[in-house]
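Inspection log for the structure reproduced underneath, given as structure tokens.
The values are calculated or read from the model by the stated rules, or taken from the named source; none is laboratory data. What you are looking at is a predicted structure, and each value in this text was computed from that prediction instead of being measured. Heads up, the Cβs are rebuilt from the backbone with ideal geometry, glycines too, and the neighbour counts pull from every protein chain shown.
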Amino acid sequence: MVEQTPQTEASAQWIVEDLWAAREAQVLIAGTELDVFTHIFRGARSAEEVATAIGAPIRGVERLLDALVGIEYLDKQDGHYTLSSLADKLLVRDKDTYVGEMVQEMKLLWNSWSNLTEVIRTGEPVQPWDDEETGRRLFPSLVRALFPMSWGSARAAAAVALEADDRVERILDVAAGSGVWSIAFAQQAPRARVTTVDYSEVTPLTREFAERYGVVDRFDHIEGNLRDIDFGAESYDLAILGYILQTEGEDRSRDLLEKCHRALRPGGRLLIAEMIPDDDRTGPAAPLVYAMDMVLYTEHGDVFTMTQYRDWLHTAGFRRVETIDIPAPWPLVLATK
């Protein structure tokens, strides 16, 4: 992987390195798509053996393998290729820790990102995720890819939140997707029963992940558009909003916070996972760049600051708003009714 030059010392080199990153990403996507890492794990060592396993001409395969060495996903000695520790852990299809779907997600988004200039000029998203028809069609393919991105954070969040208060018997997971957040809580709160809310096209994947992690017998599902569903009143000890407010935009997000407040019992808590920039929107880079995803894929979506979340949550009726610091680039928000 290219070590980026500090910007204070750079001229055009800084720009070159940023642009070059797109090539490296495509190399990684191709290696994952062709199962290069899995073939090497299963015993293919030379370029010829990997090419045979893939069923492709050796010229492109050998250059791909060398490129993967260059960006440190493979090692090479005497013409034989081996996996780096990172690739061995995360890019072998045979392993439970496989995150290849996450890499594949980038291919799904690649063409859309090439339209960013035009989207900014026109203000029209390429395919609005916040539109129900589009969401029902696209989200099932994205859900599987997103699970590994949040699993570590979800487990850490559950541990911290339940240590503070383990009286959690009913959990509401709104826009549950894979169920990554509620699965983590269900594993660590054996008395808890989970109700998920998501499109009917997504629920089978939620069940699949819940079964894989041994909690499917404690999951119930409400299918439909979260904007139309009544969550009930004072029914839950914990509600979860995992990366959904960003697609909803300010007005719908505030409505959703009010619905969650109503659904929680007194003393109940709302967990919010989002990419949160600084109040002055000068960093960190990830949420600021991710805001461009919202421009590309939604009509009203955005990333919101901690000050905005605090204001909205207090207005919705939550009496305490705090953050949970876990091993993640940004903290989680925890609000108490």
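Here are some notes:
- Counted residues, segment 193-224 - those being buried (at least 21 other Cβ atoms within 10 Å of the Cβ) and over 20 Å from Y243 (Cβ atoms): 1
- Meets criteria (of a type in the set (D, E, K, R) and buried (at least 18 other Cβ atoms within 10 Å of the Cβ)) for D35: yes
- Test: residue in segment 239-252 that is more than 22 Å from the chain's Cα centre (by Cα), touching a residue at least 24 places away in the same chain (Cβ under 8 Å) and more than 21 Å from E322 (Cβ to Cβ): yes
- Here Q127 fulfils each of the conditions (1) outside any helix (DSSP H, G or I); (2) surrounded by fewer than 18 Cβ atoms within 10 Å (Cβ to Cβ); (3) not assigned by TED's automatic domain parsing to the domain that holds I244 apart from (3).
- Among the candidates S141, S178, the residue that is under 23 Å from W330 (Cα atoms) and among the hydroxyl-bearing types (S, T, Y) is uniquely S178.
- Cross-chain or 6+ apart pairs with Cβ under 8 Å, segment 306-329 first and free of Cβ contacts under 8 Å to residues at least 40 places away in the same chain, then surrounded by 13 or more Cβ atoms within 10 Å (Cβ to Cβ) and aromatic (F, W, Y): V321/Y309
- Of the residues making up segment 218-229, those that are touching a helix residue (DSSP H, G or I) at 6+ places or on another chain (Cβ under 8 Å) and in a loop (DSSP other than H, G, I, E, B) are N225, L226, R227.
- In segment 51-80, the residue that is farthest from the chain's Cα centre (by Cα) out of those that are more than 24 Å from W110 (Cβ to Cβ) and of a type in the set (A, V, I, L, M, F, W, C) is I58.
- Taking segment 105-124 as the range and being part of a helix (DSSP H, G or I) and of a type in the set (D, E) as the test, the residues that pass are E105, E118.
- Here Q104, Q13 are screened, and the one residue that is of a type outside the set (D, E) and over 30 Å from R212 (Cβ atoms) is Q13.
- Cβ pairs under 9 Å, 6+ apart, first in segment 182-197 and touching a residue at least 12 places away in the same chain (Cβ under 8 Å), second assigned to a loop (DSSP other than H, G, I, E, B) and among the hydroxyl-bearing types (S, T, Y): I183/Y213; A184/Y213; A186/Y213; Q187/Y213; T195/S235
- Some residue of segment 254-270 being in the same structural domain as P128 (by TED's automatic domain parsing) and in a loop (DSSP other than H, G, I, E, B): no
- Qualifying residue in segment 109-119 (condition: loosely packed, with under 12 Cβ neighbours inside 10 Å and within 28 Å of Y213 (Cα to Cα)): no
- Segment 47-86: number of residues that are touching a residue at least 12 places away in the same chain (Cβ under 8 Å) and on the phi > 0 side of the Ramachandran plot: 2
- Scope segment 249-280; condition acidic (D, E) and in contact with a Pro (Cβ under 7 Å, 6 or more places away or on another chain); matching residues: none
- So V50, is it touching a His at 6+ places or on another chain (Cβ under 6 Å) and modelled with pLDDT of 95 or more: yes
- Residues considered: L83, L91, L28. Of these, the only one that is modelled with pLDDT of 95 or more, more than 22 Å from the chain's Cα centre (by Cα) and surrounded by 14 or more Cβ atoms within 10 Å (Cβ to Cβ) is L83.
- Looking across segment 162-181, the residues that are surrounded by fewer than 21 Cβ atoms within 10 Å (Cβ to Cβ) and in contact (Cβ under 8 Å) with a residue 60 or more places away in the chain come down to D165, R167, E169, R170.
- Within segment 146-161, considering residues that are in contact with a Ser or Thr (Cβ under 9 Å, 6 or more places away or on another chain) and surrounded by fewer than 19 Cβ atoms within 10 Å (Cβ to Cβ), the one nearest to F185 (Cα to Cα): P148
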